[in-house]
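Engineer: My questions will all concern the structure given below.
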Amino acid sequence: MSRLAALPNTSGKLSGLVTEADWHRWKVADLRPYTQVALDAFGPSRLMFGSDWPVCTLAASYPDVLAAARDLTADLGPAECAAVFAGTATSVYGL
């Protein structure tokens, strides 16, 4: 991931974590190491939240996925959270 993130024209998506974890027993703490690697590699300005809906519903509800993502990014400042949850996607997709 760090090799991809070294390329200035790449971004990452924080998505699909719950379906890669144990569908019935995952906890936010299980997802934290992967989220941290992505944040360290891309930074909030090049990382965007993706719900992975409807696939995520195999392992969690959409509100649970969103709550987990919010928890996983709780240590970020307001501007960084805004980037992950809206700004990066707006920029990448030209919205």
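Read-outs throughout are calculated quantities, based only on the coordinates presented, and are distinct from any laboratory measurement. Here the structure is a predicted model, which means the values were calculated and not measured. A quick note on method: Cβ atoms are made from the backbone with ideal geometry, for glycine too, and the neighbour counts reach across all protein chains shown.
Engineer: In the range 3-35, which chymotrypsin sites (Phe, Trp or Tyr not before Pro) fall in coil by DSSP and have 12 or fewer other Cβ atoms within 10 Å?
Structural biologist: 23
Engineer: I need the per residue convex hull volume for the chain, using only the alpha carbons, in cubic angstrom as a whole number.
Structural biologist: Expressed per residue, the convex hull around the Cα atoms of the chain is 94 Å³.
Engineer: Compute the acute angle (0 to 90°) between the alpha-carbon long axis of helix 62-72 and the principal axis of greatest extent of the alpha-carbon atoms of the chain; round to the nearest 10°.
Structural biologist: 60 degrees
Engineer: So for the range 2-92, averaging the separation of alpha carbon pairs under 8 Å that are six or more residues apart and normalising by length, what relative contact order in percent results? Could you put the intermediate results ahead of the total?
Structural biologist: Working: 100 pairs, mean separation 31.9, N = 91.
The value is 35 percent.
Engineer: Then there is this: Please name whichever of 12, 61, 28 sits farthest to the positive end of the charge dipole of the chain, dipole taken about the Cα centre and charges placed at Cβ: Lys and Arg +1, Asp and Glu -1.
Structural biologist: Value: 12.
Engineer: Excluding residue 56 itself, calculate the net charge of residues whose Cβ lies under 12 Å from the Cβ of residue 56, where each Lys or Arg counts +1 and each Asp or Glu counts -1. Write out the running numbers ahead of the final one.
Structural biologist: Details: positive: none; negative: 20, 52, 64.
Surrounding charge for residue 56 is -3.
Engineer: Just grab the label-to-label distance for residue 57 and residue 13, each label 7 Å out from Cα along the Cβ direction, in nm (one decimal).
Structural biologist: Going by the 7 Å Cα→Cβ label model, 1.8 nm.
Engineer: Which residues in the range 53-92 have a backbone N closer than 19 Å to a point placed 7 Å from the Cα of residue 40 along the Cα-to-Cβ line?
Structural biologist: What the label zone holds, given the 19 Å backbone N cut-off, is 72-77.
Engineer: For residue 65, what is the net charge nearby, where nearby means another residue's Cβ is under 14 Å from its Cβ and Lys, Arg count +1, Asp, Glu -1?
Structural biologist: -2
Engineer: Here's something else I'd like to know. What FRET efficiency would be calculated for the residue pair residue 32, residue 82, taking the C-beta separation as r and a Förster radius of 22 Å, to the nearest 0.05?
Structural biologist: E between residue 32 and residue 82, to the nearest 0.05, is 0.60.
Engineer: Running a GNM on the chain with Cα contacts under 10 Å, which residue among 58, 47, 31 ends up with the highest mean-square fluctuation?
Structural biologist: Looking only at 58, 47, 31, the biggest GNM fluctuation is shown by 58.
Engineer: Could I ask something else about it? First measure r as the distance between the Cβ atoms of residue 93 and residue 1, then evaluate 1/(1 + (r/R0)^6) with R0 = 22 Å and state the FRET efficiency to the nearest 0.05.
Structural biologist: 0.60
Engineer: Also, I was wondering about something else. Compute, for the range 2-92, the length of the dipole vector about the Cα centre, with Cβ point charges of +1 (Lys, Arg) and -1 (Asp, Glu) only. Units Debye, rounded to 20. Don't jump to the answer; show the numbers that get you there.
Structural biologist: Working: 7 positive and 9 negative charges, 33 e Å.
Dipole size: approximately 160 debye.
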